[in-house]
Amino acid sequence: MARLESMTSSDASAVVDELRMLFRSGVTKPVEWRRTQLTGLRKLLSEQADVFLKALYADLRKNTAEAKRAEIALVRNEIDHTLENLDSWLSPEPAGLPYPLRPADGRVVREPLGVALIIGPWNYPLQLVLAPLVGALAAGNCAVVKPSELSPNTSAAIAEHLPNYVEGVRVVEGAVPETTALLEQKFDTIFYTGNGTVGRIVMAAAAKHLTPVTLELGGKSPAIVEPGADLAMTAQRLAYGKFANAGQTCVAPDYVLAIGDTGPKLAEHLAETVKAMFGDDPATSESYGRIISTRHHDRLTALLDNGTVVVGGQADRDEKYIAPTVLTDVSPDAPVMRDEIFGPILPIIDVPDVDAALEFVNERDKPLALYAFTESEETKRRIETETSSGGLVFGAAIIHLVAPELPFGGVGESGMGRYHGRYSIENFSHVKAVLDKPLAG
Ligand code: NAD
């Protein structure tokens, strides 16, 4: 399949028509076809791993260990989990029927929607295109894939290699004009990962065709820290979640709400942890990433003076480098607390008690993830029942997204819909009611 660039609306229409014809031929429906595509994706990840690792390094200076874990192994696990469970997820479910309808059989079946559009972001540019694609293909759909233009090396690698390993998928490279041309077409479902502003554009375009959308968005994901928690361990887990990919992770802890006197002590532990992870000068560490663009670099540099720097604070525009930075004495009204930071800056806000922390969370947009570090079962119960977020993790950060049995998605401003594992099948299927009543009887 050819690589497509500079796409116009009629080019986009031709791509969708071709896939729709393929879908209507029925070829994608048998489970065997779906298994073949998933096996193809698995082969792509092993045979082209080096190509992808180089591209990810070029785009984000993503180190090999992190790229293998977050971009390749995560998708491979998703594929394996799906291959293992696909038959049972797809088997029709018998449904009971009320007495007046009998004799009759009821069942629930999952049918593919048709042609999906998957629009990916730049921060995990391979994972966030392929993980939804696993679900789209496993559910028996065709798909158009549009990787982010801000990670051009990974986008080019996907366009060059993906079509050699799977059928029923077309890759369109490009930026706003190409995405706009695609969004004018009628798809059967659109899966968008990125920011809420573009999420609204996607949803408005989808509304014209009554196309269902999944929006995997972001926002500010808080981490609550309560006295009594092991602060050294909390610092390690927070730093891992925050500084992986130089903070450019949708579920990175955005800021800390430090209850009581935990703030200063946690800040010290974070400073030690940063040194242990990246050495005295993280600029020279091979395991520390870079900011995607000078635009984002400038945006982040302007936030570095929004509090007292406990560790970090350095920036190098030419290198698109920002040191892992922890800030204390941050005002809740400071610019760093307005929008999602999406970079390696961790502000700590002091709050007096759990009530204040819950109020702080609840008076803002519903986050994609909420983290809490506490030994109190009562606090855990309160956080679980008194807040709303895409996901909730106690005692760690960002790791929930690697569990294929947990749904991944946001709520409110952090998105709509969910995927991973069987939730991907649900997302890319129509769940159809079938009732079969004998004519005689
Ligand atoms: P991005 O700039 O790469 O944009 C994402 C996609 O939208 C790209 O493919 C791009 O071509 C397309 N796009 C951009 N402008 C457009 C327009 N005007 N019309 C149509 N399409 C357009 O990525 P981003 O949005 O900067 O990504 C960062 C955001 O994504 C953060 O908010 C982050 O939290 C969120 N995110 C969420 C998840 C998740 O799984 N929920 C994962 C990663 C990132």
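Points worth noting:
- Helices (runs of 4 or more DSSP H) contained in segment 341-441 and holding at least 3 residues farther than 29 Å from residue 263 by Cα: 422-427
- Residue tally, condition more than 25 Å from residue 114 (Cβ to Cβ) and hydrophobic (A, V, I, L, M, F, W, C), over segment 139-161: 3
- Filtered residue count, segment 239-257, keeping only those that are more than 8 Å from the ligand (Cβ to nearest atom) and within 19 Å of residue 58 (Cβ to Cβ): 3
- Any hit, segment 275-288, residues being charged (D, E, K, R), closer than 22 Å to residue 67 by Cβ and in the same structural domain as residue 235 (by TED's automatic domain parsing): yes
- Some residue of segment 99-120 being surrounded by 24 or more Cβ atoms within 10 Å (Cβ to Cβ), away from the ligand (no atom under 14 Å from the Cβ), modelled with pLDDT of 95 or more and among the β-branched types (Val, Ile, Thr): yes
- Boolean, residue 343 is farther than 29 Å from residue 407 by Cα, out of contact with any Phe, Trp or Tyr (no Cβ under 8 Å at 6 or more places or on another chain) and either more than 16 Å from the ligand (Cβ to nearest atom) or not charged (D, E, K, R) (or both): no
- Cβ-Cβ distances below 8 Å connect no pair with a first residue in segment 229-244 that is farther than 20 Å from residue 261 by Cα and outside the structural domain of residue 396 (by TED's automatic domain parsing), a second residue that is assigned to a helix (DSSP H, G or I) and among the charged types (D, E, K, R), and a separation of six or more residues or different chains.
- Residue selection: residue 147 fails the criterion of being away from the ligand (no atom under 12 Å from the Cβ) and under 25 Å from residue 414 (Cα atoms).
- Yes/no for residue 137 being within 11 Å of the ligand (Cβ to nearest atom) and either closer than 22 Å to residue 12 by Cα or assigned to a loop (DSSP other than H, G, I, E, B) (or both): no
- Residue within segment 324-337 that is modelled with pLDDT of 95 or more, closer than 18 Å to residue 62 by Cβ and not in a strand (DSSP E or B) present: yes
Residues checked against (1) more than 21 Å from the chain's Cα centre (by Cα); (2) part of a loop (DSSP other than H, G, I, E, B):
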site	(1), (2)
43	yes, no
52	no, no
65	no, no
71	no, no
82	no, no
86	yes, no
97	yes, yes
128	no, no
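- Test for residue 360: is it modelled with pLDDT of 95 or more, within 19 Å of residue 413 (Cβ to Cβ) and of a type outside the set (D, E, K, R): yes
- Screening residue 291 on (1) crowded, with 20+ Cβ neighbours inside 10 Å; (2) over 29 Å from residue 121 (Cα atoms) shows it passes everything except condition (2).
- Within segment 346-388, being within 16 Å of the ligand (Cβ to nearest atom) and surrounded by fewer than 22 Cβ atoms within 10 Å (Cβ to Cβ) holds for 364, 365, 366, 388.
- Test: residue in segment 176-194 that is free of Cβ contacts under 8 Å to residues at least 60 places away in the same chain and out of contact with any Pro (no Cβ under 7 Å at 6 or more places or on another chain): yes
- Residue 216 in contact with a Cys (Cβ under 9 Å, 6 or more places away or on another chain) and not β-branched (Val, Ile, Thr): yes
- Unmet requirement for residue 411, which otherwise passes all of (1) surrounded by 15 or more Cβ atoms within 10 Å (Cβ to Cβ); (2) within 16 Å of the ligand (Cβ to nearest atom); (3) in contact (Cβ under 8 Å) with a residue 60 or more places away in the chain: (3)
- Taking the numbered list (1) at pLDDT below 95; (2) in a helix (DSSP H, G or I) in turn, residue 15 passes all entries but (1).
- Any hit, segment 420-427, residues being on the phi > 0 side of the Ramachandran plot and either more than 16 Å from the ligand (Cβ to nearest atom) or touching a residue at least 40 places away in the same chain (Cβ under 8 Å) (or both): yes
The values are calculated or read from the model by the stated rules, or taken from the named source; none is laboratory data. Remember, predicted model here, so these are calculated numbers, not experimental data. Positions of Cβ are generated from backbone atoms using ideal geometry, with glycine treated the same way; all protein chains shown enter the neighbour counts.
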